[in-house]
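Scroll down for the structure; my scribbles are underneath it.
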Amino acid sequence: MASSVPGNGQTVSSPEQLMLSFDGAVRLVRLTVNSDAGVVDVGFVPQAAAASMFHVPMPTLAAGTYRVNWTILGADGHSVSETFRFTVDPAAPAAAMPDHHSHGAGGDHVH
């Protein structure tokens, strides 16, 4: 994964969406969000279309630490799975989404 919003280890107010960015086109086949209270239902549906950026709408999250587990499939069928964490603090600033206009051609997005 090239980057995420919120970023790994970042403390933010409850994010409206989760953004995952990759160096090339991949298929996002699994994404779960967990807190100490259990699994957070984000309504994730595996993506058949390959893209380099994925946006996942998020419900309002309570204060606490969250773990995002994801699995992608590359064009060659190779899978990669990773986990990152972020913390929600209502007093923290909002997670800053990148400016989509700064991406060049080939910046495929899936919402």
- Query: Taking H as built 1.01 Å from N, whose amide H comes closer than 5 Å to the amide H of V40, not counting residues under 5 places away?
  - Reply: V33, N34, S35
- Mind sorting out which of [x] 93; [y] 135; [z] 116 is the real volume of the Cα convex hull per residue in Å³ computed from the coordinates? [x]
- For A92, the residues 5 or more places away or on another chain with a placed amide H closer than 5 Å to its own amide H are S13
- Note on the structure: Once amide hydrogens are built 1.01 Å from N within the peptide plane, the residues lying 5 or more places from R30 or on another chain with amide H under 5 Å from its amide H are T71
- Taking the Cα centre of the chain as the origin, how large is its charge dipole in debye, to the nearest 20, when only Lys and Arg (+1) and Asp and Glu (-1) carry charge on their Cβ atoms? 160 debye
- Here FRET efficiency (C-beta to C-beta, D76 to T11, R₀ 25 Å, nearest 0.05) is 0.10
- Note on the structure: At R0 = 22 Å the Cβ-Cβ FRET efficiency linking M1 and V39, nearest 0.05, sits at 0.60
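Only the coordinates and a few stated rules stand behind these numbers; no lab work does. What you are looking at is a predicted structure, and each value in this text was computed from that prediction instead of being measured. Virtual Cβ from ideal backbone geometry, glycine too; neighbours counted across all protein chains shown.
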